[in-house]
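Data block below; observations after.
The values are calculated or read from the model by the stated rules, or taken from the named source; none is laboratory data. Keep in mind the model is a prediction, meaning the values are calculated, not measured. Here the Cβ is made from the backbone with ideal geometry for all residues, glycine too, and neighbour counts use every protein chain on show. Please note that ligands, DNA and RNA were not included when accessible areas were found on the heavy atoms of the full protein model with its side chains. Shrake-Rupley method; radii C 1.70, N 1.55, O 1.52, S 1.80 Å.
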Amino acid sequence: MSKRRPLIAGNWKMYKTIPEAVEMSKKLVSLLKEPTDVEVMIAPSYVLLSAVAQEIEGSGIFLGAQDLFWEKEGAYTGAVSAEMIVSAGCKYVIIGHSERRQYFGETDHSVNLKIRAAINSGLAPILCIGETENQRESDETFSVLDKQIKKGLKDFSYDELEKLVLAYEPVWAIGTGKTATSQQAQEIHKFLRNILEKTFGNSLAKNTRILYGGSVKPENIAELMAMDDVDGALVGGASLKADVFSGIVYF
Ligand code: PEP
(Lines give C-alpha, C1' and ligand atoms only; values in the text may rest on other atoms or scores of the structure.)
Protein backbone atom coordinates (compact mmCIF):
# COMPACT_ATOMS: atom_id res chain seq x y z
CA MET A 1 0.00 0.00 0.00
CA SER A 2 1.45 3.36 -0.93
CA LYS A 3 1.85 5.62 2.05
CA ARG A 4 -0.24 8.72 2.59
CA ARG A 5 1.41 12.16 2.79
CA PRO A 6 2.90 12.28 6.28
CA LEU A 7 1.74 14.94 8.72
CA ILE A 8 3.82 16.16 11.64
CA ALA A 9 1.62 18.24 13.91
CA GLY A 10 2.82 20.24 16.91
CA ASN A 11 0.45 20.78 19.83
CA TRP A 12 1.74 23.76 21.82
CA LYS A 13 -0.85 23.18 24.56
CA MET A 14 -1.02 26.04 27.11
CA TYR A 15 2.50 27.29 26.48
CA LYS A 16 3.94 30.55 25.15
CA THR A 17 3.03 34.21 25.31
CA ILE A 18 2.57 36.21 22.12
CA PRO A 19 6.24 37.39 21.96
CA GLU A 20 7.46 33.84 22.65
CA ALA A 21 5.17 32.44 19.96
CA VAL A 22 6.36 35.01 17.43
CA GLU A 23 10.00 34.19 18.19
CA MET A 24 9.35 30.45 17.92
CA SER A 25 7.48 30.88 14.63
CA LYS A 26 10.32 32.90 13.11
CA LYS A 27 12.80 30.17 14.09
CA LEU A 28 10.56 27.46 12.67
CA VAL A 29 10.11 29.25 9.37
CA SER A 30 13.87 29.53 8.97
CA LEU A 31 14.57 25.93 10.07
CA LEU A 32 11.87 24.36 7.88
CA LYS A 33 13.02 25.83 4.58
CA GLU A 34 14.40 22.60 3.12
CA PRO A 35 11.86 20.89 0.87
CA THR A 36 10.19 17.86 2.40
CA ASP A 37 7.29 15.55 1.62
CA VAL A 38 6.08 16.00 5.15
CA GLU A 39 3.18 18.33 5.83
CA VAL A 40 3.76 20.42 8.94
CA MET A 41 1.12 21.89 11.23
CA ILE A 42 1.40 23.80 14.49
CA ALA A 43 -1.44 24.32 16.94
CA PRO A 44 -0.82 27.22 19.32
CA SER A 45 -3.42 28.40 21.84
CA TYR A 46 -6.29 30.53 20.49
CA VAL A 47 -4.79 33.80 21.65
CA LEU A 48 -1.64 33.18 19.63
CA LEU A 49 -3.26 32.13 16.36
CA SER A 50 -3.32 35.48 14.55
CA ALA A 51 0.24 36.40 15.50
CA VAL A 52 1.54 32.98 14.46
CA ALA A 53 -0.50 33.08 11.22
CA GLN A 54 1.27 36.29 10.22
CA GLU A 55 4.70 34.82 10.91
CA ILE A 56 4.19 31.56 9.00
CA GLU A 57 2.39 33.06 6.01
CA GLY A 58 3.90 31.75 2.77
CA SER A 59 6.13 29.25 4.61
CA GLY A 60 4.04 26.16 3.83
CA ILE A 61 3.50 25.50 7.54
CA PHE A 62 -0.19 25.01 8.35
CA LEU A 63 -1.98 26.37 11.37
CA GLY A 64 -4.35 24.46 13.67
CA ALA A 65 -6.38 25.11 16.80
CA GLN A 66 -6.43 22.86 19.86
CA ASP A 67 -10.21 22.68 20.26
CA LEU A 68 -13.45 24.42 19.25
CA PHE A 69 -17.02 24.82 20.44
CA TRP A 70 -19.67 23.45 18.11
CA GLU A 71 -22.12 26.36 18.03
CA LYS A 72 -21.67 28.96 15.29
CA GLU A 73 -22.02 31.93 17.67
CA GLY A 74 -23.98 32.98 20.73
CA ALA A 75 -23.84 33.63 24.45
CA TYR A 76 -21.16 31.02 25.24
CA THR A 77 -18.64 32.92 27.32
CA GLY A 78 -15.10 31.73 26.79
CA ALA A 79 -15.91 29.57 23.77
CA VAL A 80 -14.45 29.77 20.26
CA SER A 81 -16.29 28.67 17.13
CA ALA A 82 -15.08 26.88 14.03
CA GLU A 83 -15.71 30.01 11.95
CA MET A 84 -13.52 32.07 14.27
CA ILE A 85 -10.75 29.54 13.94
CA VAL A 86 -11.01 29.55 10.15
CA SER A 87 -10.93 33.34 10.12
CA ALA A 88 -7.68 33.22 12.15
CA GLY A 89 -6.05 31.19 9.36
CA CYS A 90 -6.46 27.61 10.60
CA LYS A 91 -6.76 24.59 8.36
CA TYR A 92 -6.76 21.99 11.16
CA VAL A 93 -8.35 21.57 14.56
CA ILE A 94 -7.44 19.01 17.23
CA ILE A 95 -10.53 17.42 18.75
CA GLY A 96 -10.92 15.11 21.74
CA HIS A 97 -7.36 15.41 23.06
CA SER A 98 -7.02 13.30 26.21
CA GLU A 99 -6.29 16.44 28.24
CA ARG A 100 -9.66 17.87 27.11
CA ARG A 101 -11.30 14.56 28.04
CA GLN A 102 -9.52 14.41 31.40
CA TYR A 103 -9.74 18.02 32.64
CA PHE A 104 -12.58 19.64 30.68
CA GLY A 105 -15.33 17.03 30.56
CA GLU A 106 -14.96 16.17 26.87
CA THR A 107 -17.07 13.13 25.96
CA ASP A 108 -17.44 11.07 22.80
CA HIS A 109 -20.72 12.91 22.25
CA SER A 110 -19.17 16.40 22.47
CA VAL A 111 -16.34 15.15 20.25
CA ASN A 112 -18.95 14.10 17.68
CA LEU A 113 -20.59 17.57 17.74
CA LYS A 114 -17.21 19.26 17.39
CA ILE A 115 -16.20 17.14 14.43
CA ARG A 116 -19.49 18.03 12.75
CA ALA A 117 -18.80 21.76 13.32
CA ALA A 118 -15.23 21.42 12.04
CA ILE A 119 -16.30 19.66 8.87
CA ASN A 120 -19.17 22.07 8.20
CA SER A 121 -16.71 24.94 8.18
CA GLY A 122 -14.07 23.23 6.07
CA LEU A 123 -11.55 22.46 8.82
CA ALA A 124 -9.66 19.18 8.91
CA PRO A 125 -10.39 17.59 12.30
CA ILE A 126 -7.65 15.61 14.05
CA LEU A 127 -9.61 13.19 16.20
CA CYS A 128 -7.57 12.03 19.20
CA ILE A 129 -8.26 8.68 20.78
CA GLY A 130 -6.30 6.54 23.20
CA GLU A 131 -6.48 4.23 26.19
CA THR A 132 -5.31 4.94 29.73
CA GLU A 133 -2.73 2.80 31.50
CA ASN A 134 -5.47 1.09 33.56
CA GLN A 135 -7.48 0.30 30.46
CA ARG A 136 -4.41 -1.17 28.76
CA GLU A 137 -3.59 -3.27 31.80
CA SER A 138 -7.13 -4.62 31.95
CA ASP A 139 -7.08 -5.53 28.25
CA GLU A 140 -9.62 -2.91 27.29
CA THR A 141 -7.45 -1.10 24.72
CA PHE A 142 -9.24 -2.37 21.62
CA SER A 143 -12.75 -1.93 23.01
CA VAL A 144 -11.98 1.60 24.27
CA LEU A 145 -10.60 2.66 20.89
CA ASP A 146 -13.47 1.02 19.04
CA LYS A 147 -15.97 2.95 21.16
CA GLN A 148 -14.12 6.28 20.87
CA ILE A 149 -13.88 6.08 17.10
CA LYS A 150 -17.41 4.84 16.48
CA LYS A 151 -19.08 7.32 18.85
CA GLY A 152 -16.85 10.19 17.77
CA LEU A 153 -17.72 9.56 14.11
CA LYS A 154 -21.35 8.55 14.66
CA ASP A 155 -23.74 9.54 11.86
CA PHE A 156 -21.04 10.63 9.42
CA SER A 157 -20.91 9.29 5.90
CA TYR A 158 -17.59 8.43 4.29
CA ASP A 159 -17.71 11.39 1.89
CA GLU A 160 -17.93 13.84 4.80
CA LEU A 161 -14.75 12.48 6.33
CA GLU A 162 -12.22 12.99 3.58
CA LYS A 163 -10.29 15.58 5.63
CA LEU A 164 -10.36 13.51 8.81
CA VAL A 165 -7.06 12.73 10.50
CA LEU A 166 -6.93 10.22 13.37
CA ALA A 167 -4.39 10.50 16.16
CA TYR A 168 -3.72 7.46 18.30
CA GLU A 169 -2.40 8.80 21.57
CA PRO A 170 -2.08 6.25 24.38
CA VAL A 171 -2.73 8.37 27.46
CA TRP A 172 0.07 6.61 29.36
CA ALA A 173 2.56 7.84 26.76
CA ILE A 174 1.57 11.53 26.69
CA GLY A 175 4.12 13.76 28.37
CA THR A 176 5.52 10.80 30.31
CA GLY A 177 8.59 9.97 28.26
CA LYS A 178 7.12 6.48 27.72
CA THR A 179 6.53 5.75 24.04
CA ALA A 180 4.60 2.89 22.55
CA THR A 181 7.02 0.69 20.62
CA SER A 182 6.74 1.03 16.87
CA GLN A 183 5.24 -2.51 16.81
CA GLN A 184 2.61 -1.54 19.38
CA ALA A 185 1.76 1.59 17.37
CA GLN A 186 1.55 -0.39 14.12
CA GLU A 187 -0.74 -3.00 15.69
CA ILE A 188 -3.15 -0.31 16.91
CA HIS A 189 -3.00 1.76 13.72
CA LYS A 190 -3.84 -1.30 11.66
CA PHE A 191 -6.74 -2.06 13.98
CA LEU A 192 -8.00 1.53 13.58
CA ARG A 193 -7.70 1.37 9.80
CA ASN A 194 -9.74 -1.85 9.85
CA ILE A 195 -12.48 -0.12 11.84
CA LEU A 196 -12.49 2.70 9.28
CA GLU A 197 -12.71 0.15 6.49
CA LYS A 198 -15.58 -1.77 8.08
CA THR A 199 -17.47 1.39 8.98
CA PHE A 200 -16.78 3.72 6.05
CA GLY A 201 -15.29 1.58 3.29
CA ASN A 202 -11.94 0.85 1.74
CA SER A 203 -11.24 4.20 0.13
CA LEU A 204 -11.58 6.22 3.35
CA ALA A 205 -9.54 3.64 5.27
CA LYS A 206 -6.79 3.76 2.65
CA ASN A 207 -6.62 7.55 2.49
CA THR A 208 -7.02 8.56 6.14
CA ARG A 209 -3.83 9.56 7.88
CA ILE A 210 -3.35 7.99 11.30
CA LEU A 211 -0.85 9.84 13.48
CA TYR A 212 0.88 8.48 16.55
CA GLY A 213 1.21 10.70 19.60
CA GLY A 214 2.97 10.14 22.91
CA SER A 215 6.50 11.33 23.73
CA VAL A 216 7.58 11.52 20.09
CA LYS A 217 11.05 12.99 19.70
CA PRO A 218 13.79 13.16 17.04
CA GLU A 219 15.26 9.91 18.43
CA ASN A 220 12.16 7.75 17.92
CA ILE A 221 10.31 9.28 14.97
CA ALA A 222 12.11 7.38 12.18
CA GLU A 223 11.29 4.00 13.71
CA LEU A 224 7.63 4.94 14.09
CA MET A 225 7.41 6.36 10.57
CA ALA A 226 8.83 3.14 9.14
CA MET A 227 5.60 1.37 10.11
CA ASP A 228 3.09 0.84 7.27
CA ASP A 229 0.15 2.40 9.06
CA VAL A 230 1.87 5.27 10.87
CA ASP A 231 1.37 8.40 8.80
CA GLY A 232 2.90 11.01 11.04
CA ALA A 233 2.90 12.27 14.59
CA LEU A 234 1.08 14.56 16.96
CA VAL A 235 3.85 16.06 19.05
CA GLY A 236 3.42 17.87 22.37
CA GLY A 237 6.52 18.64 24.45
CA ALA A 238 8.99 18.21 21.60
CA SER A 239 7.08 20.72 19.45
CA LEU A 240 7.89 23.60 21.79
CA LYS A 241 11.49 24.04 20.70
CA ALA A 242 12.07 24.90 17.05
CA ASP A 243 15.28 22.88 16.59
CA VAL A 244 13.80 19.77 18.25
CA PHE A 245 10.58 20.00 16.23
CA SER A 246 12.50 20.47 12.98
CA GLY A 247 14.53 17.37 13.90
CA ILE A 248 11.24 15.46 13.92
CA VAL A 249 10.05 16.94 10.62
CA TYR A 250 13.34 16.04 8.90
CA PHE A 251 13.50 12.57 10.42
C1 PEP B 1 0.17 15.52 22.88
O2 PEP B 1 -0.04 16.45 23.62
O3 PEP B 1 -0.65 15.27 21.97
C4 PEP B 1 1.37 14.71 23.08
C5 PEP B 1 1.53 13.62 22.38
O6 PEP B 1 2.26 15.16 24.02
P7 PEP B 1 3.79 14.63 24.21
O8 PEP B 1 4.42 14.60 22.85
O9 PEP B 1 4.43 15.65 25.10
O10 PEP B 1 3.71 13.29 24.82
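How far is it, in nm, from the label point at Glu34 to the one at Tyr15 when both lie 7 Å from their Cα along the line to the Cβ?
Each label point is offset 7 Å from its Cα along the Cβ direction, giving 2.3 nm.
Give me the log10 of I(q) over I(0) for the range 7-249 at q = 0.09, 0.17 Å⁻¹, as the Debye formula computes it from C-alpha points; what are the numbers?
Calculated log10 I(q)/I(0) at the listed q: -0.35, -1.34.
Which pairs break 20 Å Cα to Cα here: Lys3/Lys206; Lys13/Lys190; Lys27/Lys217; Lys13/Lys33; Lys27/Lys241; Lys3/Lys241?
Details: Lys3/Lys206 9 Å; Lys13/Lys190 28 Å; Lys27/Lys217 18 Å; Lys13/Lys33 24 Å; Lys27/Lys241 9 Å; Lys3/Lys241 28 Å.
From the list (Lys3/Lys206; Lys13/Lys190; Lys27/Lys217; Lys13/Lys33; Lys27/Lys241; Lys3/Lys241), the Cα-Cα distance tops 20 Å for Lys13/Lys190; Lys13/Lys33; Lys3/Lys241.
How would you rank 206-214, 53-61, highest first, on the average number of other Cβ atoms within 10 Å across their residues?
Details: 206-214: 22.9, 53-61: 14.2.
In descending order of packing, they fall as 206-214, 53-61.
Rolling a 1.4 angstrom probe over the protein chains, ignoring ligands and nucleic acids, what is the accessible area of Lys151 in square angstrom, nearest 10?
It works out to around 100 Å².
From Cα pairs below 8 angstrom and at least 6 apart in sequence, can you work out the relative contact order of the range 7-249, rounded to a whole percent?
20 percent.
Keeping the other protein chains in place, figure out the carbon and sulfur percent of the accessible area of the range 11-62, with a 1.4 Å probe.
Taking all protein chains in place, the range 11-62 shows 57 percent carbon and sulfur surface.
When ligands, DNA and RNA are left out and all protein chains stay put, how many square angstrom of accessible area per residue does the chain have with a 1.4 Å probe?
Accessible area per residue, the chain: 47 Å².
Given R₀ = 25 Å, FRET efficiency for Lys190-Ser143 by Cβ-Cβ distance, to 0.05? Can you show the working numbers first?
Working: r = 16 Å, r/R0 = 0.65.
Rounded to the nearest 0.05, the efficiency is 0.95.
How would you rank 37-43, 125-131, 93-99, highest first, on the average number of other Cβ atoms within 10 Å across their residues?
On the way: 37-43: 20.0, 125-131: 26.4, 93-99: 24.9.
Ranking, from highest mean packing down: 125-131, 93-99, 37-43.
Give me Rg over Rh for the range 91-201, both radii from the alpha carbons and Rh done the Kirkwood way, two decimal places.
Rg/Rh: 0.95.
What accessible surface, in Å², does a 1.4 Å probe find on Leu240, ignoring ligands, DNA and RNA and rounding to the nearest 10?
Spelled out: Leu240, probe radius 1.4 Å, area about 40 Å².
Could you work out how far the C-alpha centroid of the range 1-38 sits from that of the range 73-128, in angstrom?
A separation of 20 Å, based on Cα centres.
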